[in-house]
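**Q** Attaching a single structure in structure tokens format; questions to follow.
Just so you know, all these numbers are worked out from the coordinates, no wet-lab data involved. Small disclaimer: the values here were computed from a predicted structure and weren't measured. Cβ coordinates were reconstructed from backbone atoms using ideal geometry, including for glycine residues, and neighbour counts include every protein chain displayed.
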Amino acid sequence: MSVVKQNIVANFGGNACTVLLSLIFIPLYIKFMGIEAYGLVGIFSSLQAFSSLFDMGMSTTLNRELSRLAVMPNKAQEMRCMVRTLEVIYWGVAIFLGLAVVSLAGPIAHHWIKGEALSPQAVQQAIMIMGGVMAFRWPLSFYSGGLKGLQKQVLLNGIDVGAATLRGLGAVLILWKISPTIQAFFTWQVFANMLHSFTTAGFLWHNLPKSGHRSHFQKASLLRIWRFAAGMTGISVTAIILTQTDKIVLSKILPLEMFGYYTLATVAANSLYYFIGAIFAALFPRFSQLVSLHDQKGLRELYHKSCQFMSVIILPAAIVVLLFSSELLLLWTGDPVTVANTHRVLSILIIGTALNGLMNLPYGLQLAYAWTQLAFYTNIIASIVLVPMIYFLSTHYGAVGAACGWVILNTGYVLICIQIMHSRLLKGEQWRWYLNDVGKPLLAALCIALLWRIFAPDGLLRYMMFIYLAGVSVTTLFVTAIFTSYTRSWLVQRLIQLKMCYGGESIEGK
């Protein structure tokens, strides 16, 4: 099995475990703490997203540089010094971010968040503890980026699954046996994230090639990567504006309980990123290597194969969630009130997330060429046009309006950015992308899922609904794979191999 395929399998396995853990633990968090307290988890997610403004492109830069240098001779010392240089900066920023969150806890708790069951003092305490979580969690993306660039994604997934289990199981036990409070929840997250970051850092350093010299801070490393890192910083800043405007506005205008429902819908829709990220993480380092080796033919072939694979994985899942959001939420939470307040928003958000997922590999191709201008200027224009629109939709139509803004944004990416990108990179390949890589799997998935929706029976018991939705998911995925050329060829090859294997055993037996 090739390294790319091995990494995809490992990423899917790791992310599937993480999704399963979320499905198990999130309803328990809400049961013990209440939906209002869970709204503070949404606030933390927004703060964490804003913290990526200070990443300055370092995690993606490290991923690209280590993957690129790994195929070049005599680069061990350069790789180690780059990690040390960026690590020093990253931890300095982590400490700053933690202290900043602590200092802003009072104003956020007393003048921004609208709590009812939670007092402003309890909210302030929780946010102060979030500062500790932020400080220890933030470097994790840097060390993870390094392991991804080294193609050690099997190892990384093992670490992440173990950490997710510890983080979730420990939180549930503390809420159950010690204190069912949001303060106790975040206190445990401080310890769990500290252990996660230190463990990942240790494995990154262990897997870097040995050079025989001590690693040290190297200014030359910064001078070499500053242009790409600056472009990534610009993309991050504009992306945060576009993705967090809805949450900023809603956290101000909605009661904390209703914001908790929006947070739950966002978490459910964003679960698609576990699969999107699994594919992107495996392909981006390989894209970077092929660009460095000037292998245009191999890059074109891999690009279309991976884009079709991305469509086959995420489009059936997104369409099933779109059409069966109420049933899925009821299976997950068991609470009709939660379903009533969440399912419409989830159906809209999942559309935007799927469109965003389709753009991940084209975006990865741009980064492999160190071409950050397209994403940056696109986000600038989108911010000017869409931020006022998102604000208007959020203030006038609440959570549903905010979710519609997310769909409009990503529709623009798909219709416009692909055209511009393929006028420069892999010229003329945009129509193949629209028709074969996206169009055919979209049509197949939509037709099959709609048939299941039309003939869905009413009043099924919970376990029967689970079986029905499993049937919907499996058949939609299978038919989509069959109607998509690369995945169909792959399935046929696997069937031929199985036939030859069993046929050979039968002949030997005779």
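**Q** Please give the contour-minus-distance gain from F96 to A49: 0.36 nm per residue of separation, less the Cα-Cα distance, rounded to one decimal in nm.
**A** This chain segment gains 15.4 nm when fully extended.
**Q** Taking the Cα centre of the chain as origin, sum charge times position over the Cβ atoms of Lys and Arg (+1) and Asp and Glu (-1), and report the length of that vector in debye to the nearest 20.
**A** With Lys and Arg at +1 and Asp and Glu at -1, about 1340 debye.
**Q** Any chance you could check the Cα centroid distance between region 345-389 and region 150-223 for me, in angstrom?
**A** The distance from the Cα centre of region 345-389 to that of region 150-223 comes to 28 Å.
**Q** Which percent of Cα-Cα pairs in region 262-392 sits in each 5 Å bin, short to long?
**A** 2, 10, 16, 16, 16, 15, 11, 7, 4, 2, 1, 0
**Q** If R0 is 22 Å, what FRET efficiency do you get for W205 and A230 from their C-beta distance, rounded to 0.05? Display every interim value, and only then the final one.
**A** Working: r = 27 Å, r/R0 = 1.21.
That pair, W205 with A230, gives E of 0.25.
**Q** Which whole-number percent of Cα pairs in the chain have a distance greater than 43 Å?
**A** So the portion of pairs separated by more than 43 Å is 16 percent.
**Q** Of the options I454, P388, V400, report the single residue whose Cα projects farthest towards the positive end of the charge dipole of region 377-467 (beta-carbon charges: Lys, Arg +1; Asp, Glu -1).
**A** I454
**Q** Moving on. Could you give the size of the charge dipole of region 290-411 about its Cα centre, using +1 on the Cβ of each K and R and -1 on the Cβ of each D and E, expressed in debye and rounded to the nearest 20?
**A** 220
**Q** Report the extension gain between E301 and S119 in nm, rounded to one decimal, defined as 0.36 nm multiplied by the number of residues separating them, less their alpha carbon distance.
**A** Here the answer is 59.8 nm.
**Q** Also, quick follow-up: Quick one: pull the percentage of alpha-carbon pairs in region 1-242 with a separation above 30 Å.
**A** Roughly 32 percent, rounded to a whole number.
**Q** Among C307, C417, rank each residue by its count of other Cβ atoms within 10 Å, from fewest to most, as a rough exposure measure.
**A** C417, C307
**Q** Now a separate question. As an exercise, use a Förster radius of 25 Å and the Cβ-Cβ distance of D458 and V337 to find the FRET efficiency, rounded to the nearest 0.05.
**A** According to the calculation, E is roughly 0.80.
**Q** Here's another thing I want to ask about it. Hey, what did region 1-242 get for relative contact order, percent, Cα under 8 Å, at least 6 apart? Present the calculation step by step, with values, prior to reporting the outcome.
**A** Details: 267 pairs, mean separation 86.2, N = 242.
Relative contact order of region 1-242: 36 percent.
**Q** Averaging sequence separations of C-alpha pairs under 8 Å and six or more residues apart, then dividing by the length of the chain, give the relative contact order as a whole percent.
**A** Normalised by residue count, the contact order of the chain is 20 percent.
**Q** R488 to L435: FRET efficiency via 1/(1 + (r/R0)^6), r the Cβ-Cβ distance, R0 22 Å, to the nearest 0.05? Working shown, then result.
**A** On the way: r = 15 Å, r/R0 = 0.69.
For R488 and L435, the calculated efficiency is 0.90.
**Q** Report the label-to-label distance for F217 and C447 in nanometres (one decimal), using points 7 Å from each Cα along the Cα→Cβ vector.
**A** 6.2
**Q** Separate question: Using the count of nearby Cβ atoms within 10 Å as a rough guide to exposure, how do I24, I129 rank from fewest to most?
**A** I24, I129
**Q** If contacts are Cα pairs under 8 angstrom and at least 6 residues apart, what is the relative contact order of region 1-136 in percent?
**A** Details: 59 pairs, mean separation 33.4, N = 136.
The normalised contact order for region 1-136 reaches 25 percent.
**Q** Another question about this same structure. Quick check for me: using +1 on Lys/Arg Cβ and -1 on Asp/Glu Cβ, what's the dipole size of region 1-242 about its Cα centre, in debye to the nearest 20?
**A** So the magnitude is around 800 debye.
**Q** Among V345, V414, L299, pick out the residue whose Cα is farthest towards the positive end of the charge dipole of the chain, where Lys and Arg carry +1 and Asp and Glu carry -1 on C-beta, about the Cα centre.
**A** The one lying farthest along the dipole's positive direction is L299.
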